[in-house]
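**Q** Next up is a structure, given as structure tokens.
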Amino acid sequence: MDALPRFAYGKIADNAQGGNMTCYISGPMTGIPEFNYPAFDRAKAMLVARGFTVLSPHEAPKSDSWEGYMRHDLKLVCDSDIIVMLPGWKKSRGALLEKAVADNLGLEAWFIEETPNSEFKLIQPNGFTA
């Protein structure tokens, strides 16, 4: 397996477009009103508009348990080129597990921050704001 992610850094850093890239959105769900679906929907819309194929746990088939959801979601992480972390991810047991798997697979992590006026801002690992 290559040590580098499967995409060209320059293209992404220069124009913040997804092209043929698949990203997985990771963030807190348990204990959040509406399971944080509005944040996942906003992030997905932003990423799709930039040309990414988006995989998201908020669209997972229903499961009887947290473990069932994680079995499904970790497969999606494995099928992704990058992982995009929503605000609050560090307080989520599932998001921490997804991030650990992504790190061990050599996937780049991008981060979404919420601005004071409630807009989402995409932060790339190189410090660029998309």
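**Q** Can you say whether SER92 is among the hydroxyl-bearing types (Ser, Thr, Tyr) and in contact (Cβ under 8 Å) with a residue 60 or more places away in the chain, as far as the supplied structure shows?
**A** yes
**Q** Are any of the residues in region 111-124 part of a helix (DSSP H, G or I), over 22 Å from PHE35 (Cα atoms) and touching a helix residue (DSSP H, G or I) at 6+ places or on another chain (Cβ under 9 Å)? Step through it out loud before you land on a result.
**A** First pass over region 111-124, keeping only residues part of a helix (DSSP H, G or I): none.
No, every residue in region 111-124 fails to be part of a helix (DSSP H, G or I), over 22 Å from PHE35 (Cα atoms) and touching a helix residue (DSSP H, G or I) at 6+ places or on another chain (Cβ under 9 Å).
**Q** Go through (1) in contact with a strand residue (DSSP E or B) (Cβ under 8 Å, 6 or more places away or on another chain); (2) crowded, with 17+ Cβ neighbours inside 10 Å; (3) not in a loop (DSSP other than H, G, I, E, B) and name the single condition ASN36 misses.
**A** (1)
**Q** Quick check on region 114-125. Is at least one of its residues hydroxyl-bearing (Ser, Thr, Tyr), over 14 Å from PRO28 (Cα atoms) and either touching a strand residue (DSSP E or B) at 6+ places or on another chain (Cβ under 8 Å) or at pLDDT 95 or above (or both)?
**A** Within region 114-125, one or more residues are hydroxyl-bearing (Ser, Thr, Tyr), over 14 Å from PRO28 (Cα atoms) and either touching a strand residue (DSSP E or B) at 6+ places or on another chain (Cβ under 8 Å) or at pLDDT 95 or above (or both).
**Q** Sticking with this one: List the number of the failed condition for MET29; all other conditions in (1) in contact (Cβ under 8 Å) with a residue 60 or more places away in the chain; (2) in contact with a helix residue (DSSP H, G or I) (Cβ under 7 Å, 6 or more places away or on another chain); (3) exposed (fewer than 15 other Cβ atoms within 10 Å of the Cβ) hold.
**A** Here MET29 clears every test but (3).
**Q** Sticking with this one: If the requirement is being of a type outside the set (Ser, Thr, Tyr), within 18 Å of GLY31 (Cβ to Cβ) and surrounded by 16 or more Cβ atoms within 10 Å (Cβ to Cβ), which of these qualifies: ASP81, ASP73?
**A** Residue meeting the stated conditions: ASP73.
**Q** Give me the residue from region 1-56 that is at pLDDT below 75 and acidic (Asp, Glu) and, out of that set, nearest to GLU108 (Cα to Cα).
**A** ASP2
**Q** Run PRO87 past the list (1) in a loop (DSSP other than H, G, I, E, B); (2) touching a Phe, Trp or Tyr at 6+ places or on another chain (Cβ under 7 Å); (3) under 21 Å from ASN126 (Cα atoms) and report the number of the one that doesn't hold.
**A** So PRO87 meets the others, but not (2).
The values are calculated or read from the model by the stated rules, or taken from the named source; none is laboratory data. Keep in mind the model is a prediction, meaning the values are calculated, not measured. Every residue, glycine among them, receives a Cβ derived from its backbone with ideal geometry; neighbour counts consider all protein chains shown.
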